[in-house]
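Structure record follows, encoded as structure tokens.
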Amino acid sequence: MEDKEIIQLYFTRDECALEETSKKYGSILTHISENILKDVHEAGECLNDTLLSAWNQIPPTKPENFLAYLAKSIRYISLGRLDYHNAKKRRAEIVELSEELENSGIVTDNGSSQIEEQELSELVSNFLRQNTYEQRVVFLRRYWYGDSISEISELMGISEGKIKTILFRMRKKLKLYLEKEGVVL
């Protein structure tokens, strides 16, 4: 079923919307959550919370990119659950991702940017469009989906060393791009 049709089910308050959403995107959303939480059961709960959130927000919200909308929601819910369960202690993988971006100067040490989230999101999207498909996939798999270097290597069929090199160069290019766009980091 196409995204527009699924969204229309939400607008008509047809409960099939939840089933269709889960059928189409459940596995990828669960994967995102599992990468953050490292717990299959918790990831399933986050998927349910994401579906409930979509049910409660659509309508009036009408997402242009349904998968991106759902992915952002499950990341937010999963990170919130991680914070709840770990209070002051974050898992090493999340810290590693944050440190990678911090050390590149893209994000400040408290994890927030000095510009609005929406503006930063648009700038990063524009930056990614200027790169090759391979570079975009590697960057998104690492920093959006939270995949490990080895998972990306296996998925892409390229060496871990090349993945690390692509990420290093992209962080460096992103920092320069943001500076060129007038973002003070």
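The values are calculated or read from the model by the stated rules, or taken from the named source; none is laboratory data. Here the structure is a predicted model, which is why all the values come from computation and not from measurement. No Cβ is skipped: glycine too gets one built from the backbone with ideal geometry, and neighbour counts run over all protein chains shown. The accessibility values were calculated without ligands, DNA or RNA, using every heavy atom of the protein model including side chains. Shrake-Rupley method; radii C 1.70, N 1.55, O 1.52, S 1.80 Å.
Observations on the structure shown:
Matching residues to (1) farther than 25 Å from Arg142 by Cα; (2) touching a Lys or Arg at 6+ places or on another chain (Cβ under 7 Å):
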site: Arg13; (1), (2): yes, no
site: Cys16; (1), (2): yes, no
site: Glu19; (1), (2): yes, no
site: Lys23; (1), (2): no, no
site: Gly26; (1), (2): no, no
site: Leu37; (1), (2): no, yes
site: Ala43; (1), (2): no, no
site: Asn48; (1), (2): no, no
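- The listed residue being open to solvent by 60 Å² or more (accessible area, probe 1.4 Å), modelled with pLDDT under 90 and not small (Gly, Ala, Ser), out of Glu119, Glu154: Glu119
- Remark: pairs (first residue in the range 117-129, over 14 Å from Lys175 (Cα atoms); second residue surrounded by 12 or more Cβ atoms within 10 Å (Cβ to Cβ); Cβ separation under 9 Å; 6+ apart in sequence or on different chains) = Glu119/Ser113; Glu119/Val183; Arg129/Arg136.
- Consider the range 51-71 and keep the residues that are in a helix (DSSP H, G or I) and free of Cβ contacts under 8 Å to residues at least 12 places away in the same chain. The one that is least open to solvent (accessible area, probe 1.4 Å) is Ala68.
- All of Phe139, Phe127 fail the test of being part of a helix (DSSP H, G or I), over 18 Å from Ile28 (Cβ atoms) and modelled with pLDDT of 60 or more, apart from Phe127.
- Residue list for the range 157-185, filter: open to solvent by less than 50 Å² (accessible area, probe 1.4 Å) and touching a residue at least 60 places away in the same chain (Cβ under 8 Å): Leu167, Arg171, Leu174, Leu178, Val183
- Here is the figure for the range 1-50: residues that are among the basic types (Lys, Arg) and part of a loop (DSSP other than H, G, I, E, B) total 2.
- On the stretch given as the range 158-181, residues that are within 16 Å of Asn126 (Cα to Cα) and either among the hydrophobic types (A, V, I, L, M, F, W, C) or touching a Pro at 6+ places or on another chain (Cβ under 9 Å) (or both) total 4.
- Note on the range 19-44: among residues that are among the β-branched types (Val, Ile, Thr) and under 24 Å from Tyr84 (Cβ atoms), the one that is modelled with the lowest pLDDT is Ile36.
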